[in-house]
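A short write-up of the structure that comes next.
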Amino acid sequence: MIAPRGAKAAPEPVTLTAAVVPRTLPGNVGPSDLWLYNDTIAPVLRTRRNEVFTAVFRNRLAEHSAIHWHGVRVPHDMDGVPYITQPPVKPGESFTYKFAPPDPGTFFFHPHCNTVEALGRGLAGVLIVEDPREQGLFDIEHVLVLKDWRSRHDGSFEEFLTDAGATRSGTFGDLRTVNGEAQPVLRVQPGARVRLRIVNVDPTRIPMLSLRGVERSMVIATDGNACDPFALNGWRLGPAQRADVAFIAPEKEGAEIVLEDVFSTRPRPLAKLVTAGQGLRSTRAVLRLPAAELPQPDLKTATMLDVQLLAGSADPKLLAWAREMGVSPDEICLTQKAFWSINRQVWPGMGHEKLPPPLYELKAGRSYVMEMFNGTPHQHPMHMHGHTFRVLSSSNRDLPAHWADTVLVRPKERIRIAFVAGETGDWMFHCHIIEHQETGMMGYLRVS
(Lines give C-alpha, C1' and ligand atoms only; values in the text may rest on other atoms or scores of the structure.)
Protein backbone atom coordinates (compact mmCIF):
# COMPACT_ATOMS: atom_id res chain seq x y z
CA MET A 1 0.00 0.00 0.00
CA ILE A 2 1.43 3.37 -1.01
CA ALA A 3 1.26 6.08 1.63
CA PRO A 4 -1.60 8.50 0.87
CA ARG A 5 -0.66 11.63 -1.00
CA GLY A 6 -0.05 14.52 1.31
CA ALA A 7 0.76 12.28 4.26
CA LYS A 8 2.13 14.34 7.13
CA ALA A 9 4.84 13.23 9.52
CA ALA A 10 3.86 12.78 13.15
CA PRO A 11 5.99 14.78 15.58
CA GLU A 12 7.01 11.92 17.89
CA PRO A 13 6.86 8.11 17.74
CA VAL A 14 5.08 6.23 20.48
CA THR A 15 6.64 3.35 22.38
CA LEU A 16 4.69 0.19 23.18
CA THR A 17 6.38 -2.12 25.66
CA ALA A 18 4.80 -5.54 26.18
CA ALA A 19 5.58 -6.98 29.62
CA VAL A 20 4.18 -9.07 32.46
CA VAL A 21 2.43 -6.81 34.97
CA PRO A 22 1.00 -8.16 38.26
CA ARG A 23 -2.39 -6.51 38.73
CA THR A 24 -5.35 -7.37 40.96
CA LEU A 25 -8.49 -7.55 38.87
CA PRO A 26 -11.89 -6.38 40.23
CA GLY A 27 -13.22 -8.64 42.97
CA ASN A 28 -10.06 -10.74 43.29
CA VAL A 29 -7.90 -10.98 46.39
CA GLY A 30 -4.58 -11.67 44.68
CA PRO A 31 -2.75 -10.27 41.66
CA SER A 32 -2.90 -11.79 38.19
CA ASP A 33 0.06 -11.90 35.84
CA LEU A 34 -1.34 -9.73 33.07
CA TRP A 35 0.39 -9.08 29.77
CA LEU A 36 0.02 -5.40 29.02
CA TYR A 37 1.28 -2.67 26.74
CA ASN A 38 2.86 0.16 28.74
CA ASP A 39 1.59 -1.29 32.04
CA THR A 40 -1.95 -0.31 31.02
CA ILE A 41 -5.13 -2.28 30.44
CA ALA A 42 -6.32 -1.38 26.93
CA PRO A 43 -4.21 1.74 26.33
CA VAL A 44 -5.72 4.19 23.82
CA LEU A 45 -3.48 5.69 21.13
CA ARG A 46 -4.58 8.47 18.80
CA THR A 47 -3.33 9.61 15.44
CA ARG A 48 -4.82 11.39 12.43
CA ARG A 49 -5.94 10.17 9.07
CA ASN A 50 -3.09 10.29 6.51
CA GLU A 51 -0.62 11.25 9.24
CA VAL A 52 2.51 9.10 9.51
CA PHE A 53 2.17 7.04 12.68
CA THR A 54 5.27 5.46 14.21
CA ALA A 55 5.19 2.92 17.04
CA VAL A 56 8.32 1.33 18.49
CA PHE A 57 7.38 -2.09 19.88
CA ARG A 58 9.60 -3.44 22.65
CA ASN A 59 9.10 -7.06 23.63
CA ARG A 60 9.74 -7.73 27.31
CA LEU A 61 7.75 -10.98 27.34
CA ALA A 62 9.32 -14.44 27.60
CA GLU A 63 8.11 -15.40 24.09
CA HIS A 64 8.18 -13.84 20.66
CA SER A 65 5.46 -11.41 19.66
CA ALA A 66 4.42 -8.76 17.13
CA ILE A 67 1.60 -6.22 16.74
CA HIS A 68 -1.27 -6.68 14.32
CA TRP A 69 -3.10 -3.40 13.66
CA HIS A 70 -6.58 -4.86 13.40
CA GLY A 71 -8.76 -3.20 10.76
CA VAL A 72 -6.16 -0.65 9.64
CA ARG A 73 -5.30 -0.85 5.94
CA VAL A 74 -1.57 -0.91 6.57
CA PRO A 75 1.23 -1.84 4.14
CA HIS A 76 1.78 -5.60 4.03
CA ASP A 77 5.07 -5.47 5.95
CA MET A 78 3.34 -3.58 8.78
CA ASP A 79 0.51 -6.10 9.34
CA GLY A 80 2.21 -7.79 12.28
CA VAL A 81 1.90 -11.50 11.45
CA PRO A 82 5.07 -13.35 12.47
CA TYR A 83 6.83 -15.16 9.60
CA ILE A 84 4.32 -13.92 7.01
CA THR A 85 4.71 -10.14 7.10
CA GLN A 86 7.71 -9.77 9.40
CA PRO A 87 10.16 -11.75 11.51
CA PRO A 88 8.92 -12.50 15.02
CA VAL A 89 10.08 -9.98 17.61
CA LYS A 90 12.00 -12.13 20.07
CA PRO A 91 12.26 -11.44 23.80
CA GLY A 92 14.37 -8.35 24.39
CA GLU A 93 14.09 -7.20 20.76
CA SER A 94 12.29 -4.25 19.18
CA PHE A 95 10.47 -3.55 15.93
CA THR A 96 9.30 -0.22 14.49
CA TYR A 97 5.90 0.06 12.82
CA LYS A 98 5.41 3.03 10.52
CA PHE A 99 2.36 3.75 8.37
CA ALA A 100 -0.11 6.48 7.46
CA PRO A 101 -3.63 5.16 8.14
CA PRO A 102 -5.84 6.07 5.16
CA ASP A 103 -9.15 5.68 6.98
CA PRO A 104 -10.51 7.29 10.13
CA GLY A 105 -12.11 5.14 12.77
CA THR A 106 -11.89 2.96 15.83
CA PHE A 107 -9.33 0.16 15.56
CA PHE A 108 -7.37 -2.02 17.95
CA PHE A 109 -4.07 -3.87 18.14
CA HIS A 110 -2.90 -7.21 19.51
CA PRO A 111 -0.40 -10.05 18.86
CA HIS A 112 -1.01 -12.70 16.21
CA CYS A 113 0.62 -15.74 17.77
CA ASN A 114 -0.42 -17.52 20.95
CA THR A 115 -3.27 -15.04 20.69
CA VAL A 116 -5.65 -16.90 22.96
CA GLU A 117 -3.31 -16.53 25.93
CA ALA A 118 -2.09 -13.06 24.99
CA LEU A 119 -5.62 -11.65 24.72
CA GLY A 120 -6.68 -13.72 27.72
CA ARG A 121 -4.02 -11.96 29.78
CA GLY A 122 -4.99 -8.54 28.43
CA LEU A 123 -2.46 -7.77 25.68
CA ALA A 124 -4.48 -5.41 23.50
CA GLY A 125 -4.94 -1.70 22.91
CA VAL A 126 -7.05 0.75 20.93
CA LEU A 127 -5.95 2.91 18.02
CA ILE A 128 -8.21 5.84 17.16
CA VAL A 129 -7.64 7.51 13.82
CA GLU A 130 -9.16 10.99 13.92
CA ASP A 131 -10.57 12.89 10.96
CA PRO A 132 -10.70 16.71 10.83
CA ARG A 133 -14.07 16.37 9.08
CA GLU A 134 -15.53 15.10 12.37
CA GLN A 135 -14.40 18.05 14.47
CA GLY A 136 -17.23 19.55 16.50
CA LEU A 137 -19.76 16.79 15.79
CA PHE A 138 -19.78 15.57 19.41
CA ASP A 139 -19.48 17.19 22.82
CA ILE A 140 -17.92 14.18 24.50
CA GLU A 141 -16.72 10.69 23.67
CA HIS A 142 -15.86 7.62 25.72
CA VAL A 143 -13.89 4.57 24.65
CA LEU A 144 -15.39 1.39 26.11
CA VAL A 145 -13.27 -1.77 25.82
CA LEU A 146 -15.18 -4.98 26.56
CA LYS A 147 -13.28 -7.97 27.92
CA ASP A 148 -13.85 -11.00 30.12
CA TRP A 149 -11.18 -12.58 32.31
CA ARG A 150 -10.73 -16.27 33.14
CA SER A 151 -9.24 -15.48 36.53
CA ARG A 152 -9.83 -17.28 39.80
CA HIS A 153 -10.51 -15.43 43.05
CA ASP A 154 -6.85 -15.75 44.06
CA GLY A 155 -5.74 -14.13 40.80
CA SER A 156 -4.49 -17.24 39.03
CA PHE A 157 -5.80 -17.95 35.54
CA GLU A 158 -7.80 -20.91 34.31
CA GLU A 159 -6.91 -22.55 30.99
CA PHE A 160 -7.36 -20.13 28.12
CA LEU A 161 -8.12 -22.85 25.55
CA THR A 162 -10.21 -25.90 26.34
CA ASP A 163 -11.43 -28.66 24.06
CA ALA A 164 -15.00 -28.14 25.29
CA GLY A 165 -14.84 -24.45 24.43
CA ALA A 166 -12.83 -24.74 21.23
CA THR A 167 -15.31 -27.23 19.75
CA ARG A 168 -18.28 -25.03 20.61
CA SER A 169 -18.71 -21.27 21.18
CA GLY A 170 -15.41 -20.73 22.98
CA THR A 171 -14.29 -20.78 26.61
CA PHE A 172 -15.90 -17.89 28.47
CA GLY A 173 -14.54 -15.82 31.33
CA ASP A 174 -16.57 -15.13 34.46
CA LEU A 175 -15.27 -11.65 35.26
CA ARG A 176 -16.74 -9.15 32.79
CA THR A 177 -15.13 -5.72 32.59
CA VAL A 178 -15.17 -2.47 30.64
CA ASN A 179 -11.80 -0.71 30.51
CA GLY A 180 -10.58 -3.22 33.10
CA GLU A 181 -13.31 -2.24 35.61
CA ALA A 182 -16.49 -3.99 36.66
CA GLN A 183 -19.43 -1.78 35.60
CA PRO A 184 -17.58 1.56 35.58
CA VAL A 185 -19.50 4.82 36.01
CA LEU A 186 -18.69 7.57 33.52
CA ARG A 187 -19.80 11.20 33.33
CA VAL A 188 -21.54 13.06 30.53
CA GLN A 189 -23.09 16.52 30.55
CA PRO A 190 -26.88 16.88 30.34
CA GLY A 191 -27.99 17.34 26.74
CA ALA A 192 -24.55 16.47 25.36
CA ARG A 193 -23.98 14.89 21.99
CA VAL A 194 -22.20 11.68 23.02
CA ARG A 195 -20.09 9.26 21.02
CA LEU A 196 -19.24 5.85 22.42
CA ARG A 197 -16.43 3.93 20.73
CA ILE A 198 -17.19 0.35 21.80
CA VAL A 199 -14.46 -2.24 21.19
CA ASN A 200 -14.82 -5.97 21.86
CA VAL A 201 -11.34 -7.37 22.56
CA ASP A 202 -12.63 -10.55 24.19
CA PRO A 203 -11.48 -13.80 22.53
CA THR A 204 -14.93 -15.36 22.81
CA ARG A 205 -18.01 -13.46 23.96
CA ILE A 206 -20.58 -11.97 21.55
CA PRO A 207 -22.73 -9.46 23.47
CA MET A 208 -26.01 -8.02 22.17
CA LEU A 209 -25.73 -4.34 22.96
CA SER A 210 -28.45 -1.96 24.05
CA LEU A 211 -28.55 1.44 25.77
CA ARG A 212 -31.17 2.05 28.43
CA GLY A 213 -32.05 5.58 29.48
CA VAL A 214 -31.94 7.48 26.18
CA GLU A 215 -34.65 8.19 23.62
CA ARG A 216 -32.65 6.57 20.85
CA SER A 217 -29.14 5.31 20.29
CA MET A 218 -27.75 4.92 16.80
CA VAL A 219 -24.82 2.96 15.39
CA ILE A 220 -22.93 5.49 13.27
CA ALA A 221 -19.83 3.43 12.45
CA THR A 222 -19.13 -0.29 12.11
CA ASP A 223 -15.57 -1.47 12.66
CA GLY A 224 -14.65 2.21 12.61
CA ASN A 225 -16.23 2.94 9.22
CA ALA A 226 -19.05 5.46 8.90
CA CYS A 227 -22.43 3.96 8.01
CA ASP A 228 -26.00 5.13 7.54
CA PRO A 229 -27.16 5.33 11.17
CA PHE A 230 -29.29 2.45 12.43
CA ALA A 231 -30.75 1.60 15.83
CA LEU A 232 -28.38 -0.07 18.27
CA ASN A 233 -31.11 -2.33 19.71
CA GLY A 234 -29.57 -5.76 20.19
CA TRP A 235 -26.65 -5.26 17.75
CA ARG A 236 -24.32 -8.24 18.15
CA LEU A 237 -20.68 -7.28 18.60
CA GLY A 238 -18.45 -10.26 17.93
CA PRO A 239 -14.85 -10.54 19.07
CA ALA A 240 -12.68 -7.90 17.32
CA GLN A 241 -15.69 -5.91 16.13
CA ARG A 242 -16.29 -2.26 16.98
CA ALA A 243 -19.38 -0.09 17.04
CA ASP A 244 -19.47 3.69 17.35
CA VAL A 245 -22.74 4.67 19.00
CA ALA A 246 -24.21 8.19 19.17
CA PHE A 247 -26.98 9.60 21.33
CA ILE A 248 -28.21 12.81 22.97
CA ALA A 249 -27.87 12.64 26.75
CA PRO A 250 -30.97 13.40 28.84
CA GLU A 251 -31.24 17.08 29.76
CA LYS A 252 -31.73 16.57 33.49
CA GLU A 253 -28.84 16.10 35.90
CA GLY A 254 -28.41 12.71 37.54
CA ALA A 255 -29.99 10.74 34.70
CA GLU A 256 -28.51 7.29 34.12
CA ILE A 257 -27.71 5.69 30.77
CA VAL A 258 -26.77 2.00 31.00
CA LEU A 259 -24.93 -0.03 28.38
CA GLU A 260 -26.30 -3.56 28.62
CA ASP A 261 -25.79 -6.98 27.13
CA VAL A 262 -29.32 -8.17 26.41
CA PHE A 263 -28.36 -11.61 25.07
CA SER A 264 -29.99 -13.42 28.00
CA THR A 265 -33.46 -12.90 29.43
CA ARG A 266 -31.96 -10.84 32.26
CA PRO A 267 -29.93 -7.93 30.79
CA ARG A 268 -26.37 -7.66 32.06
CA PRO A 269 -25.22 -4.06 32.81
CA LEU A 270 -21.74 -3.38 31.47
CA ALA A 271 -21.18 0.32 32.11
CA LYS A 272 -23.15 3.32 33.34
CA LEU A 273 -23.09 6.94 32.21
CA VAL A 274 -24.51 9.60 34.53
CA THR A 275 -25.38 13.17 33.55
CA ALA A 276 -23.63 15.81 35.63
CA GLY A 277 -22.36 19.35 35.22
CA GLN A 278 -23.45 22.24 33.04
CA GLY A 279 -26.23 21.38 30.62
CA LEU A 280 -25.79 21.64 26.86
CA ARG A 281 -28.35 22.30 24.17
CA SER A 282 -27.87 19.99 21.23
CA THR A 283 -29.78 19.46 18.02
CA ARG A 284 -32.17 16.55 17.94
CA ALA A 285 -31.12 15.71 14.40
CA VAL A 286 -29.70 12.23 13.80
CA LEU A 287 -25.97 12.29 14.43
CA ARG A 288 -23.90 10.89 11.59
CA LEU A 289 -20.32 10.85 10.36
CA PRO A 290 -18.95 11.95 6.98
CA ALA A 291 -19.24 9.09 4.50
CA ALA A 292 -16.49 6.48 4.46
CA GLU A 293 -14.05 6.88 1.58
CA LEU A 294 -13.02 3.33 0.72
CA PRO A 295 -12.24 1.42 -2.50
CA GLN A 296 -15.62 0.74 -4.10
CA PRO A 297 -16.00 -2.79 -5.52
CA ASP A 298 -17.60 -3.07 -8.96
CA LEU A 299 -20.37 -5.61 -8.44
CA LYS A 300 -20.98 -5.97 -12.18
CA THR A 301 -17.47 -7.23 -12.92
CA ALA A 302 -16.68 -8.84 -9.56
CA THR A 303 -15.35 -12.39 -9.39
CA MET A 304 -17.30 -14.72 -7.09
CA LEU A 305 -15.55 -16.51 -4.23
CA ASP A 306 -17.18 -19.31 -2.26
CA VAL A 307 -16.13 -19.81 1.35
CA GLN A 308 -17.49 -22.57 3.56
CA LEU A 309 -16.97 -22.51 7.30
CA LEU A 310 -17.02 -26.11 8.46
CA ALA A 311 -16.04 -28.43 11.25
CA GLY A 312 -12.56 -29.89 11.06
CA SER A 313 -11.11 -33.06 12.48
CA ALA A 314 -8.13 -34.11 14.54
CA ASP A 315 -6.61 -35.74 11.49
CA PRO A 316 -3.34 -37.65 12.08
CA LYS A 317 -2.27 -36.47 8.62
CA LEU A 318 -1.94 -33.01 10.14
CA LEU A 319 0.83 -34.17 12.45
CA ALA A 320 2.47 -36.12 9.63
CA TRP A 321 2.45 -32.92 7.53
CA ALA A 322 4.08 -31.06 10.41
CA ARG A 323 6.83 -33.65 10.74
CA GLU A 324 7.49 -33.50 6.99
CA MET A 325 7.75 -29.71 7.13
CA GLY A 326 10.14 -29.90 10.06
CA VAL A 327 7.99 -27.88 12.44
CA SER A 328 9.17 -27.83 16.04
CA PRO A 329 6.62 -29.37 18.44
CA ASP A 330 7.30 -26.69 21.06
CA GLU A 331 6.52 -23.77 18.71
CA ILE A 332 4.22 -21.41 20.64
CA CYS A 333 1.77 -21.22 17.73
CA LEU A 334 1.42 -25.00 17.85
CA THR A 335 -1.83 -26.86 18.11
CA GLN A 336 -2.24 -30.55 17.44
CA LYS A 337 -6.02 -30.29 17.25
CA ALA A 338 -8.08 -29.31 14.25
CA PHE A 339 -11.72 -28.74 15.10
CA TRP A 340 -12.54 -26.23 12.33
CA SER A 341 -11.82 -25.61 8.67
CA ILE A 342 -12.34 -23.18 5.81
CA ASN A 343 -13.28 -24.86 2.53
CA ARG A 344 -12.27 -28.13 4.21
CA GLN A 345 -8.75 -26.78 4.56
CA VAL A 346 -7.44 -26.82 8.11
CA TRP A 347 -4.90 -24.24 9.17
CA PRO A 348 -2.07 -26.35 10.56
CA GLY A 349 -1.58 -24.14 13.58
CA MET A 350 2.03 -25.23 13.55
CA GLY A 351 3.51 -21.78 13.34
CA HIS A 352 3.09 -19.35 10.48
CA GLU A 353 6.49 -20.12 8.98
CA LYS A 354 5.20 -23.23 7.14
CA LEU A 355 2.27 -22.22 4.97
CA PRO A 356 -0.44 -24.38 3.43
CA PRO A 357 -1.77 -23.27 0.01
CA PRO A 358 -3.79 -20.02 -0.10
CA LEU A 359 -7.56 -20.20 0.01
CA TYR A 360 -7.71 -18.06 -3.14
CA GLU A 361 -5.28 -16.19 -5.38
CA LEU A 362 -6.50 -12.68 -6.17
CA LYS A 363 -5.38 -9.88 -8.46
CA ALA A 364 -4.63 -6.47 -6.95
CA GLY A 365 -7.22 -3.87 -7.95
CA ARG A 366 -9.89 -6.37 -8.99
CA SER A 367 -13.32 -6.58 -7.38
CA TYR A 368 -14.54 -9.70 -5.59
CA VAL A 369 -17.79 -10.86 -4.03
CA MET A 370 -17.32 -13.50 -1.36
CA GLU A 371 -20.21 -15.62 -0.14
CA MET A 372 -19.55 -17.19 3.24
CA PHE A 373 -21.70 -20.13 4.33
CA ASN A 374 -21.57 -21.22 7.96
CA GLY A 375 -22.18 -24.96 7.98
CA THR A 376 -21.57 -25.25 11.72
CA PRO A 377 -23.91 -24.79 14.73
CA HIS A 378 -21.86 -21.89 16.10
CA GLN A 379 -21.26 -18.24 15.17
CA HIS A 380 -18.01 -17.15 13.55
CA PRO A 381 -16.77 -13.52 13.41
CA MET A 382 -14.68 -13.69 10.21
CA HIS A 383 -11.84 -11.17 9.87
CA MET A 384 -9.89 -10.25 6.73
CA HIS A 385 -6.49 -8.63 7.11
CA GLY A 386 -5.48 -5.61 5.06
CA HIS A 387 -8.93 -4.97 3.59
CA THR A 388 -12.20 -3.27 4.44
CA PHE A 389 -15.17 -4.95 2.78
CA ARG A 390 -18.78 -4.05 2.13
CA VAL A 391 -21.29 -6.34 3.84
CA LEU A 392 -24.02 -6.74 1.23
CA SER A 393 -26.62 -9.19 2.50
CA SER A 394 -27.62 -12.10 4.69
CA SER A 395 -29.65 -15.14 3.72
CA ASN A 396 -31.83 -15.16 6.84
CA ARG A 397 -31.94 -11.72 8.52
CA ASP A 398 -32.27 -8.06 7.75
CA LEU A 399 -28.74 -6.75 7.82
CA PRO A 400 -27.95 -3.11 7.07
CA ALA A 401 -25.33 -2.69 4.35
CA HIS A 402 -22.15 -1.50 6.03
CA TRP A 403 -18.36 -1.47 5.82
CA ALA A 404 -16.42 -3.87 8.04
CA ASP A 405 -13.25 -5.87 8.47
CA THR A 406 -14.95 -8.50 10.65
CA VAL A 407 -18.41 -9.91 10.01
CA LEU A 408 -20.43 -12.23 12.23
CA VAL A 409 -21.73 -15.28 10.33
CA ARG A 410 -24.48 -17.09 12.18
CA PRO A 411 -25.20 -20.84 11.94
CA LYS A 412 -26.55 -21.92 8.52
CA GLU A 413 -26.32 -18.33 7.31
CA ARG A 414 -24.93 -17.09 4.01
CA ILE A 415 -23.28 -13.67 4.14
CA ARG A 416 -22.17 -11.81 1.03
CA ILE A 417 -19.36 -9.29 1.16
CA ALA A 418 -17.59 -7.31 -1.59
CA PHE A 419 -14.12 -5.80 -1.69
CA VAL A 420 -11.30 -4.64 -3.93
CA ALA A 421 -8.12 -6.69 -3.61
CA GLY A 422 -5.44 -4.48 -2.12
CA GLU A 423 -1.67 -4.57 -1.88
CA THR A 424 0.16 -7.70 -3.02
CA GLY A 425 1.03 -10.26 -0.38
CA ASP A 426 -0.48 -12.95 1.80
CA TRP A 427 -3.33 -11.63 3.93
CA MET A 428 -4.74 -13.70 6.79
CA PHE A 429 -8.44 -14.61 6.89
CA HIS A 430 -9.77 -16.24 10.03
CA CYS A 431 -12.39 -16.55 12.74
CA HIS A 432 -11.81 -14.16 15.63
CA ILE A 433 -13.15 -16.50 18.25
CA ILE A 434 -9.52 -17.23 18.96
CA GLU A 435 -9.99 -20.85 20.01
CA HIS A 436 -11.57 -21.45 16.58
CA GLN A 437 -8.69 -19.66 14.87
CA GLU A 438 -6.08 -21.65 16.74
CA THR A 439 -7.78 -25.00 16.07
CA GLY A 440 -8.11 -24.71 12.31
CA MET A 441 -10.38 -21.88 11.14
CA MET A 442 -7.74 -19.73 9.51
CA GLY A 443 -6.28 -19.35 6.05
CA TYR A 444 -5.00 -16.60 3.81
CA LEU A 445 -5.73 -14.82 0.56
CA ARG A 446 -2.80 -14.29 -1.78
CA VAL A 447 -2.90 -11.02 -3.73
CA SER A 448 -0.58 -10.69 -6.72
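The values are calculated or read from the model by the stated rules, or taken from the named source; none is laboratory data. On a predicted model such as this, the values are computed, not experimentally measured, just so you know. Here Cβ is always computed from backbone atoms with ideal geometry, including for glycine, and neighbour counts include all displayed protein chains. These accessible areas exclude ligands, DNA and RNA; they are computed on the full protein's heavy atoms, side chains included. Shrake-Rupley method; radii C 1.70, N 1.55, O 1.52, S 1.80 Å.
General observations
- Within the stretch 191-214, the set of residues being open to solvent by less than 10 Å² (accessible area, probe 1.4 Å), closer than 21 Å to SER264 by Cα, in contact with a Phe, Trp or Tyr (Cβ under 7 Å, 6 or more places away or on another chain) and part of a strand (DSSP E or B) comprises VAL199, LEU209.
- Look at (1) closer than 24 Å to VAL199 by Cα; (2) more than 20 Å from the chain's Cα centre (by Cα); (3) in contact (Cβ under 8 Å) with a residue 24 or more places away in the chain and you find that VAL447 fails only one, number (1).
- Scanning the stretch 387-409 for residues that are more than 19 Å from PRO295 (Cβ to Cβ), surrounded by 16 or more Cβ atoms within 10 Å (Cβ to Cβ) and modelled with pLDDT of 95 or more turns up SER394, LEU408, VAL409.
- If the condition is being assigned to a loop (DSSP other than H, G, I, E, B) and either at pLDDT below 95 or open to solvent by less than 30 Å² (accessible area, probe 1.4 Å) (or both), then the stretch 14-27 contributes only LEU25.
A quick yes/no check of all residues on (1) open to solvent by less than 10 Å² (accessible area, probe 1.4 Å); (2) over 12 Å from PRO381 (Cα atoms):
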{"position": "ARG414", "(1), (2)": "no, yes"}
{"position": "ALA421", "(1), (2)": "yes, yes"}
{"position": "ILE434", "(1), (2)": "yes, no"}
{"position": "GLU438", "(1), (2)": "no, yes"}
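- Residues in the stretch 374-430 that are farther than 18 Å from TRP69 by Cβ and small (Gly, Ala, Ser): GLY375, SER393, SER394, SER395, ALA401, ALA418, ALA421.
- Of residues in the stretch 377-386 being surrounded by fewer than 23 Cβ atoms within 10 Å (Cβ to Cβ) and part of a loop (DSSP other than H, G, I, E, B), the one nearest to the chain's Cα centre (by Cα): GLN379
- Of all residues in the stretch 229-241, those satisfying the criterion of being of a type outside the set (A, V, I, L, M, F, W, C) and open to solvent by 30 Å² or more (accessible area, probe 1.4 Å) are ASN233, ARG236.
- Conditions (1) surrounded by fewer than 18 Cβ atoms within 10 Å (Cβ to Cβ); (2) under 24 Å from ASN233 (Cα atoms): number failed by SER217: (1)
- Number of residues in the stretch 138-181 that are at negative phi and either of a type outside the set (A, V, I, L, M, F, W, C) or in contact with a Cys (Cβ under 8 Å, 6 or more places away or on another chain) (or both): the value is 25.
- In the stretch 98-140, residue nearest to PHE53 (Cα to Cα) [restricted to those that are open to solvent by 10 Å² or more (accessible area, probe 1.4 Å) and of a type in the set (Gly, Ala, Ser)]: ALA100
- Residue selected from the stretch 55-97 under the condition surrounded by fewer than 16 Cβ atoms within 10 Å (Cβ to Cβ) and polar (S, T, N, Q), by the criterion nearest to the chain's Cα centre (by Cα): THR96
- Output for the stretch 242-259, where each listed residue is assigned to a loop (DSSP other than H, G, I, E, B) and open to solvent by less than 20 Å² (accessible area, probe 1.4 Å): ALA249, ALA255
- A single member of VAL188, VAL262 is in contact (Cβ under 8 Å) with a residue 24 or more places away in the chain and open to solvent by 20 Å² or more (accessible area, probe 1.4 Å), and it is VAL262.
- Residues in the stretch 60-76 that are hydrophobic (A, V, I, L, M, F, W, C) and more than 19 Å from VAL116 (Cα to Cα): VAL72, VAL74.
- Residues of the stretch 399-427 satisfying the condition of being under 20 Å from ASP244 (Cα atoms) and not in a strand (DSSP E or B): LEU399, PRO400, ALA401, ASP405
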